[in-house]
Amino acid sequence: MASMEMEIDGSGIVSSNEIKQRGKKNMVRKKKNRSKGTSTKETFHYLPKFRCFSLKSETDGKGNFDMEVEDEGRGKMTPTHLIIMVNGLIGSAQNWKYAAKQFLKRYPEDVIVHCSECNYSMLTFDGVDVMGERLAEEVISVIKRHPSVQKISFVGHSLGGLIARYAIGRLYERDLTREQSQENGECRSDGVEDPLLEHKVKGKIAGLEPVNFITSATPHLGTRGHKQVPVFCGFQPLEKVAARTSWCLGRSGRHLFLTDRDKGKPPLLIQMVNDTEDLNFLSALQSFRRRVAYANVLYDHLVGWSTSSLRRRKELPKLKHLSKDDKYPHIVNVETIKTASTQEEVSFEAKASGCKHIDLEEEMIRSLTKMSWERVDVSFKGSKQRYLAHSTIQVKTYYLHSDGADVIQHMVDNFVV
């Protein structure tokens, strides 16, 4: 397993002289390493509370990498909270690199961050279910590499949020401890199930305590009609053409546009707002201590405000009522919703227009809002990077999307460890 070690100072800044000197040395080292086929190492200073830490990043040769902090004086630490970061369509693990570093700088002793890339590039066309299965297996392997972890959180961008929702449905109540015991040849001779062990894993994700489930610009309600893809400007003929040509994005496109009807079953996104015989999608989502949806108010041409914030269009706040936060200039609204009341559900159902995609959308909203959510509305109005809002909210590449750094900081500051 190749590794890369980094040390970062408390402010995240290194002097220009050090950068120049290290840059020259690193260039020579990289050239030598490339010719030898070995791994590269970069080092930066990080001294929080007068202790020196190193940020260690390990890659497995497939693009996945774990990031954790080591205490220079005490050696390897034993963080207990695993954060799984999931990229979106045609993305990669590198898309979350900036955010991963911010989490580790803030919680150096508490977290391990795993940036997944089992679903990268063209593999993101394979369908939410296939990618969700891959992610679930990847999470299992990560937990086995880090036996000290006790808690788990997910952070997904765009399609990555849906992939994570599928994966937790697969991992919910899964007895990882028992699987590891069987692999090691440790099992009860009488074949009787241990009731205490069953109790321990109930309501958990892969045997771990679920804490934060965070999505960023994720199309929770799909992208079919109803102005859910802003680039179409609500022009229905374009929306219909997009739905009919959704196959261009493979099975993922059909899932997003709700045009999949495999074996007569409802669209996958509809299945994912309920518990099924073998997958507990809703229960898994409810098991998390908090659920957060970051959504772009404007300039996101791929994912609409309502689908990413889990709102009906009539529930969207008026733009004139939005105000900037002094600490987080691009956060314009934060609200926590409780479960939807039965009266509200019945009222809307009575007014439903009967259009299929609106019915499907309403079904998803009602199911997903049976639990509390934190909605965080983001606006890059006035920013030079506003037309890249879909990537800026994630800080996909720092030099192109740096204006989203305050959004990531808000995510880090409000994270429950």
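In this structure, the residue pairs whose Cα-Cα separation is over 28 Å, taken from LYS105/LYS396; LYS105/LYS327; LYS144/LYS327, are LYS144/LYS327. Please grab the % of Cα pairs in segment 82-140 that end up more than 19 Å from each other. Considering segment 82-140, 32 percent of its Cα-Cα pairs are separated by more than 19 Å. Label-to-label distance, ARG289 versus THR397, with points set 7 angstrom from Cα along the beta-carbon direction: 3.7 nm. For the listed peptides 149-159, 284-294, 398-408, a ranking on the average number of other beta carbons within 10 Å per residue, highest first, reads 149-159, 284-294, 398-408.
Using only side-chain charges placed at the Cβ, +1 for Lys and Arg and -1 for Asp and Glu, the dipole size of segment 260-344 relative to its Cα centre rounds to 360 debye.
Ligands, DNA and RNA are left out, and with a 1.4 angstrom probe the accessible area of segment 104-144 is 31 Å² per residue.
Extension gain for the segment LYS327 to VAL412, taken as residue separation times 0.36 nm less the Cα-Cα distance, is 29.3 nm to one decimal.
Per residue, the accessible area of segment 260-302 comes to 45 Å² when a 1.4 Å probe rolls over the protein heavy atoms. Net charge in the neighbourhood of HIS157 (other residues with Cβ under 12 Å of its Cβ; Lys, Arg +1, Asp, Glu -1) is 0. Going by Cα centres, segment 115-174 and segment 296-315 are how many Å apart? Cα centres, segment 115-174 to segment 296-315: 24 Å. Charge tally around GLN385: other residues with Cβ under 14 Å, Lys/Arg +1 each, Asp/Glu -1 each, net +1. Sorting the Cα pairs of segment 294-344 by distance into bins of 10 Å, from 0 upward, gives 20, 53, 23, 4 percent per bin.
The values are calculated or read from the model by the stated rules, or taken from the named source; none is laboratory data. In this text the structure is predicted, and so the values were computed from the model without any measurement. So basically every Cβ, Gly included, is an ideal-geometry build from the backbone, and we count neighbours across all protein chains shown. Keep in mind that these areas ignore ligands, DNA and RNA; they rest on the heavy atoms of the full protein, side chains included. Shrake-Rupley method; radii C 1.70, N 1.55, O 1.52, S 1.80 Å.
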